[in-house]
Amino acid sequence: MSAGGNSNLILAPVAPPSSQGETGFLASAFTPRALGIALGLFASVALVSEAWAQLVAGGERLGILATLWKWAPLVLIGPPREFGGFALNILVSFLAMAIGTVSGLVLGLGLISKFAPVRSVSWAITQFFRNSPWLVLLFFVMLLTPFQFRIGGLTIPFPAWFKATVGLALPVMANVAEIVRGAVNSIPTGQWESAESLAFSRLQTLWRIILPQCVKRMIPPWMNWYAILTMSTPLISIVGVNDAMTLTQDALASEQRTDLLMPMYGMLLLFFFVYCYPIARWTIRLERKFAVRI
Amino acid sequence: MTTAWTPDQPIVGIKDVHKSFGPIEVLKGVSLNVRKGEVVCIIGPSGSGKSTLLRCINALVPINQGSIKVEGQEVHDPALDKLELRKKVGMVFQSYNLFPHKTALENVMMAPIHVLKRPKEEVEAQARGLIKKVRLEGKEDAYPGELSGGQQQRVAIARSLAMNPDIMLFDEVTAALDPETVKEVLVTIRELAEEGMTCMLVTHEMGFAREVGDHIYFTDRGIIVEHGPPATFFTNASDPRTRAFLSQIL
């Protein structure tokens with residue numbers, strides 16, 4: 001870096017430290033410069049590989065970029081007339097987040113229950129799923145649940161991709177529960193006292209007074225967990241689902257070219273980066289906005 | 001209601017109340033009676049149990065021993081419906097505790113609509129009237145964060161009044177306010193007192209206590225040291241602790 005660059009760095013106003021450490025840390029890793037570096041690295045790997053491939057192979061085989069272009073649709077949306085690829089990763093992330101959020105909300109309310117047994121059970125569930133490796137949880141759900149359910153004469157299929165979704169939703173649930181508990185505890189006790197003295201029941205107080213005030217505080221860490229979840233969806237390739245990771249490996253297997261390894265995985269990384277980076281930026285913006293208001 | 005209560009009996013009857021927080025006994029046998037329409041002021045040094053006493057009356061804090069009756073009903077009877085009790089007893093706090101995500105008008109309307117299940121139109125008309133009564137016309141749609149401390153406290157008073165309580169408890173409601181805004185809140189409370197609302201105030205405003213109070217109680221270290229009507233209390237205090245306290249304050 002030049003001297004000018006250095007002095008700029010020193011004189012530049014220091015960004016206020018983020019109140020939510022984890023989110024702040026993740027977010028600060030994604031600066032516009034990081035975006036530039038990522039794109040630049042990917043482009044240079046692709047170009048060098050391209051030149052090298054042309055040198056070694058001559059005109060016989062397709063160039064690297066042309067090959068990537070050929071496989072990109074498969075990796076993005078899966079094989080024709082089949083749902084899969086990166087789109088499946090996104091679908092799984094949506095569903096796992098939805099399931100994890102709803103169940104996490106219930107579990108989080110269990111964590112603050114006045115009834116001790118409910119509190120203990122919720123605490124145990126939360127700790128178990130927060131501190132288990134996601135991949136091991138995935139295997140557990142895959143092996144423990146049948147591929148279909150029979151209710152009366154009705155057979156409900158339980159496909160592998162949906163099992164995988166449930167497997168990913170479990171750690172999300174536990175972390176959302178912790179977010180809910182933390183947010184509820186961050187509301188001043190005066191709010192509870194005044195609601196109580198106005199004869200609101202505990203449930204009414206939570207629903208009408210406490211939780212609405214929690215939403216703003218919960219959104220940034222919640223979005224952070226969504227980004228982490230999305231980046232974890234390639235785990236489902238292990239359990240035999242046609243996600244972007246599986247299809248990238250299939251494409252590489254059918255090409256049988258070592259010079260494609262870096263560019264193909266690079267392309268996959270780029271898909272995730274392009275999707276997750278804006279979420280990270282948006283999270284920082286919301287965090288700053290809410291930090292001022294509260 | 002288990003006991004038939006008539007307005008000639010004390011509306012709040014406190015008998016030998018003890019309350020401990022862990023090893024610290026904050027109330028060591030407090031007794032006092034409040035008649036309907038009476039304005040009672042409780043004064044005394046910090047940590048003497050004044051606020052705790054108020055919180056026991058609407059069952060925000062459970063007591064260890066003794067009896068508190070509101071309109072003849074025992075407050076610390078485990079079978080008591082606390083929500084029914086709190087509909088009769090309004091409370092205003094030092095830190096206002098308005099709901100920050102609701103406007104002033106919504107703050108006033110929430111409890112009557114959701115707790116008393118009264119029709120919205122009727123509640124809105126009453127709430128607008130109450131906001132006018134506490135001199136905050138035009139601030140109906142302001143959020144608490146946009147109001148001054150004194151304005152927020154007056155919304156909090158209106159919010160309590162919207163439940164049509166029989167008794168109002170004021171817990172050091174001016175202690176967090178700027179000197180200029182203390183007056184506007186006191187004016188509101190004085191009007192309430194003049195209308196015949198039964199009020200119990202924990203306060204450090206001696207001049208105000210003397211002016212609006214029908215009866216003054218002085219507490220120190222968990223007991224009532226001395227009490228009497230303001231005229232005799234402020235001029236002829238007999239207990240040395242009361243005199244020491246008054247000489248510091250006045």
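The values are calculated or read from the model by the stated rules, or taken from the named source; none is laboratory data. None of these values were measured; they are calculated from a predicted model. No Cβ is skipped: glycine too gets one built from the backbone with ideal geometry, and neighbour counts run over all protein chains shown. In case anyone asks, the SASA skips ligands and DNA or RNA and just uses the protein heavy atoms, side chains included. Shrake-Rupley method; radii C 1.70, N 1.55, O 1.52, S 1.80 Å.
Considering the zone a paramagnetic label at B:Asn64 would reach in this model (a point 7 Å from Cα along the Cα-to-Cβ line), which residues of segment B:29-45 have amide N under 19 Å from it?
Within reach of a label on B:Asn64, which here means backbone N under 19 Å from a point 7 Å along Cα→Cβ, segment B:29-45 contributes B:29-32.
Please list, by residue number, everything in segment A:98-112 whose backbone N is under 20 Å from a paramagnetic label point 7 Å out along Cα→Cβ of A:Phe128.
Under cut-off, by backbone N: A:99-112.
Could you bin all the Cα-Cα distances of segment A:155-285 into 5 Å bins starting at 0 and give me the percent of pairs in each, rounded to whole numbers?
Final binned percentages: 2, 9, 13, 13, 14, 12, 10, 9, 6, 5, 3, 2, 1, 1, 0.
For a label point 7 Å from the Cα of B:Glu137 along Cα→C-beta, name the residues of segment B:170-195 whose backbone N is under 18 Å from it.
Backbone N within reach: B:188.
Before rounding to the nearest 500, sum -39500 (n - 2.57) across all DSSP H runs of length at least 4 in chain B and divide by the residue total; then give [θ] at 222 nm in deg cm²/dmol.
Helix-only estimate at 222 nm: -11000 deg cm²/dmol.
When the accessible area of the protein assembly as shown is split by element with a 1.4 Å probe, what percent falls to carbon and sulfur?
Within the protein assembly as shown, the accessible surface is 62 percent carbon and sulfur.
With only alpha-carbon atoms in the gyration tensor, what are the semi-axes of the equivalent ellipsoid for the protein assembly as shown, in Å, largest first?
Largest first, the protein assembly as shown gives 65, 27, 20 Å.
Over 19 Å between C-alpha atoms is what I'm after, so list which of A:Lys216/B:Lys87; A:Lys289/B:Lys139; B:Lys28/B:Lys87; B:Lys88/B:Lys132; B:Lys87/B:Lys117; B:Lys36/B:Lys82 land there.
Pairs exceeding 19 Å: A:Lys216/B:Lys87; A:Lys289/B:Lys139; B:Lys28/B:Lys87; B:Lys88/B:Lys132; B:Lys36/B:Lys82.
Take the Cβ-Cβ distance between A:Leu35 and B:Gln248 as r, set R0 to 41 Å, and report the resulting FRET efficiency rounded to the nearest 0.05.
Using R0 = 41 Å, I get an efficiency of 0.05.
Among A:Phe86, B:Pro45, A:Phe272, whose Cα lies farthest out toward the positive end of the dipole of the protein assembly as shown, if unit charges sit on the beta carbon of Lys, Arg (+1) and Asp, Glu (-1)?
Farthest along the dipole direction, towards plus: A:Phe86.
Would you mind getting me the FRET efficiency between A:Thr145 and B:Glu194? Use the beta-carbon distance for r and R0 = 60 Å, nearest 0.05. Kindly include the intermediate steps, with their values, before the conclusion.
Working: r = 71 Å, r/R0 = 1.18.
That gives a FRET efficiency of 0.25.
May I ask for the equivalent-ellipsoid semi-axes of segment B:110-250, computed as the square root of five times each C-alpha gyration tensor eigenvalue and listed largest first in whole Å? Display every interim value, and only then the final one.
On the way: eigenvalues 222, 55, 30 Å².
Each semi-axis is √(5λ); the values are 33, 17, 12 Å.
Quick check for you: with a 1.4 Å probe and neighbouring chains kept, what is the accessible area per residue of the protein assembly as shown, in Å²?
Numbers: 26740 Å² over 544 residues.
Accessible surface, normalised per residue, equals 49 Å².
Using the Cα atoms of segment B:2-145 to build a convex hull, what is its mean projected area in square nanometres?
Working: hull surface 43.9 nm².
Mean projected area for segment B:2-145: 11.0 nm², to one decimal.
List the trypsin sites (Lys or Arg not before Pro) within segment B:80-188 that DSSP assigns to loop and that have no more than 12 neighbouring Cβ atoms inside 10 Å.
Here the sparse-neighbourhood loop sites are B:Lys117.
Within the protein assembly as shown, what percent of beta bridges assigned by DSSP are antiparallel, to the nearest 5?
55 percent
Chains B and A: what accessible area do they bury, summed, in square angstrom to the nearest 100, with a 1.4 Å probe? Kindly include the intermediate steps, with their values, before the conclusion.
Values: alone 11600 and 16800 Å², together 26740 Å².
Counting protein atoms only, the buried area is about 1700 Å².
Residues of segment B:60-105 losing 20 Å² or more of accessible area relative to the isolated chain, 1.4 Å probe, heavy atoms only?
B:Leu60, B:Leu83, B:Arg86, B:Phe93, B:Asn97, B:Phe99, B:Pro100, B:His101
Going by a ≥ b ≥ c, the root eigenvalues of the Cα gyration tensor, does segment A:126-207 fall in the rounded group (a/c under 1.5), the prolate group (a/b larger than b/c) or the oblate group?
oblate
Please report Rg (one decimal) and Dmax (integer) in Å for the Cα set of segment B:74-171.
Cα radius of gyration and Dmax of segment B:74-171 are 13.6, 44 Å respectively.
Once you've got the GNM for chain B with C-alpha springs shorter than 10 Å, pick whichever of B:Glu184, B:Glu140, B:Glu84 has the biggest mean-square fluctuation.
So, out of B:Glu184, B:Glu140, B:Glu84, the one fluctuating most is B:Glu84.
Taking 2.2 N^0.38 Å as the expected size of a compact globular protein, what ratio does the Cα radius of gyration of chain B give against it, to two decimals?
Computed over Cα atoms of chain B, the ratio equals 1.01.
Label points 7 Å out from Cα along the Cβ direction at B:Asn236 and A:Ser186: separation in nm?
About 5.9 nm separates the two model spin labels.
From the Cα gyration tensor of segment A:20-293, with a ≥ b ≥ c the square roots of its eigenvalues, which class applies: rounded if a/c is under 1.5, or else prolate if a/b is larger than b/c, or else oblate? Don't skip to the answer; put the middle values down first.
Working: a/c = 3.31, a/b = 1.72, b/c = 1.93.
In terms of gyration-tensor shape, oblate.
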